[in-house]
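The values are calculated or read from the model by the stated rules, or taken from the named source; none is laboratory data. None of these values were measured; they are calculated from a predicted model. Positions of Cβ are backbone-derived with ideal geometry, glycine not excepted, and every protein chain shown enters the neighbour counts. Surface accessibility is based on the protein's heavy atoms, side chains included, excluding ligands, DNA and RNA. Shrake-Rupley method; radii C 1.70, N 1.55, O 1.52, S 1.80 Å.
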Amino acid sequence: QKKKLLEELGENRLPYMTPADADFDQLWKTKYSKLIFGKSSTVPEELHQMVQEGFLTLRKHDCFFQDLVRIKGKDFVTPVSRILIGNPGCTYKYLNTRLFTVPWPTEGYDIKYCSPQIHDACKALITLNDYLHIEAVKALQGQNLFETKEIKDTTVIDRAQNFATSLTEKGSVSKDQSSCCVPEDDYISLKNRTSYNLTLLNYMDPLQMLYLKQEPYFGMGNMAVSWHHDENLVERSTVAVYSYSCEGSAVKESSEQKLKGRDPAVWHVGLKVAWDIETPGLAIPLEQGDFYLMLDDLNMTHQHCVLAGFSPRFSSTHRVADCSRGTLEYIFGRCELALQNLQTDSDSMALSLKSLETAVVKQVEEIHNEVEFEWLRQFWFQGKRYLKCTDWWLKPMAKLEEFWRKMEIMTSLVLSEVGKVEQTEGQRNETISCFLLVLTERQKLRKEWTAR
């Protein structure tokens, strides 16, 4: 699609607008109404301070890492450095790379951080998460996607209200900051689509980058992140982004110039209707502490990119990640299911398989592959870096390795069983053909991961 679009454009560039253009507001209202923008001045000062200190702490402790991602069979290092922070045991997968959350402080979990400062940074981010959750609920109501009635969330809403109350008492936020309401029927849906379970933090200093891609369709200049839809999210869930570009002299000098199009010194978020060459794009400047929300299906119908300014910038991108196959609870459940087919003789302690049914063998071997390639190899591939923040993942990974070893034994047991005389030729052939498919896939993936 990209190639086709660029061929169609040839040497031409599509039009785009910034707030300096007369028709900017009209375009936003008609074509981009599900993008909500929050100016820095509307966010409590205390929250800005906590979050910005948190960013700088994580940077100081070298907790931001470039990811090695895989696109069309090739590996690339991301120009942006990242860290994932969120619910304990959650993961987020993008471009064939699974990231594991540095858990934010969560009741009922024993999380040891490498320093009190890292604990405070993670705590600041869960506080920001709660604040943005409330803002997303209000924004959805404001768009009449939900009507009004009192909300009854007991954890997230309470935390956010307590935070808002403590700020109200200090006089830094208005009293209606935390009011939000939805009808009972829509409540589950609303909660599912706004209760962010993690945030992907980004950091980039553009002046340290030897090369940045040019925006190809509109001529918007240097891109920090190319045009994309965010992936691995709950359908129609809101994405919330808080932006913090560290002040630098470069920004001040350049804001004097009157430029046509966007100011190259200032960071912008770019938006366009996906694969459309009729609708002009938007480039919206991001001042220090601004945030924006992509509501409902905006992330599906539109694409966004990040246009680099001159100063270093952090962003916290809060998501409702689709964790149906991406939590520890899920993968431990899968392991337990596989190991139900393994039994130990009470006298000899010898291990054997309960069933050699094709469906059972196939399921066990597929789980074996999932544990190895979606979890263990993904973690150890670049997981040691998380130790700069916390050792929380080491115990569950050791447990998964133990499960994996048992599954290796189960693979050997299948091989020895199909060689036995009791098997009829038909049974044996059926077992072998399904078994061989999964083993061939395992061999192929092991070679790929060794190469990576």
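Structure data summary
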quantity	calculated
Filtered residues of region 389-414 (kept if open to solvent by less than 40 Å² (accessible area, probe 1.4 Å) and part of a helix (DSSP H, G or I))	396, 397, 400, 403, 407, 410, 411, 413, 414
Tabulated pairs, region 122-144, first farther than 15 Å from residue 289 by Cα, second part of a helix (DSSP H, G or I) and among the hydroxyl-bearing types (Ser, Thr, Tyr), C-beta under 6 angstrom, 6+ apart or interchain	133/194; 134/178; 136/194; 137/194
Selection status of residue 336, acidic (Asp, Glu), over 26 Å from residue 65 (Cβ atoms), out of contact with any helix residue (DSSP H, G or I) (no Cβ under 8 Å at 6 or more places or on another chain) and open to solvent by 10 Å² or more (accessible area, probe 1.4 Å)	yes
Selection within region 1-11 - open to solvent by 100 Å² or more (accessible area, probe 1.4 Å) and either more than 14 Å from residue 275 (Cα to Cα) or not charged (D, E, K, R) (or both)	1, 11
Residue in region 225-238 that is in contact with a Ser or Thr (Cβ under 7 Å, 6 or more places away or on another chain), open to solvent by 10 Å² or more (accessible area, probe 1.4 Å) and of a type outside the set (Ser, Thr, Tyr) present	no
Only listed residue being under 20 Å from the mean Cα position of the chain (by Cα) and surrounded by fewer than 20 Cβ atoms within 10 Å (Cβ to Cβ), chosen from 297, 347, 276	297
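Residue by residue, here is whether (1) free of Cβ contacts under 8 Å to residues at least 60 places away in the same chain; (2) within 30 Å of residue 329 (Cα to Cα); (3) not basic (Lys, Arg) holds:
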{"position": "32", "(1), (2), (3)": "no, no, yes"}
{"position": "46", "(1), (2), (3)": "no, no, yes"}
{"position": "63", "(1), (2), (3)": "no, yes, yes"}
{"position": "78", "(1), (2), (3)": "yes, yes, yes"}
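So that you can scan it fast, the table gives a plain yes or no per residue for (1) more than 20 Å from residue 293 (Cβ to Cβ); (2) at pLDDT below 95; (3) among the charged types (D, E, K, R):
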residue	(1), (2), (3)
77	yes, yes, no
119	yes, no, no
147	no, yes, yes
150	yes, yes, yes
161	no, yes, no
167	yes, yes, no
171	yes, yes, no
176	no, yes, yes
190	no, yes, no
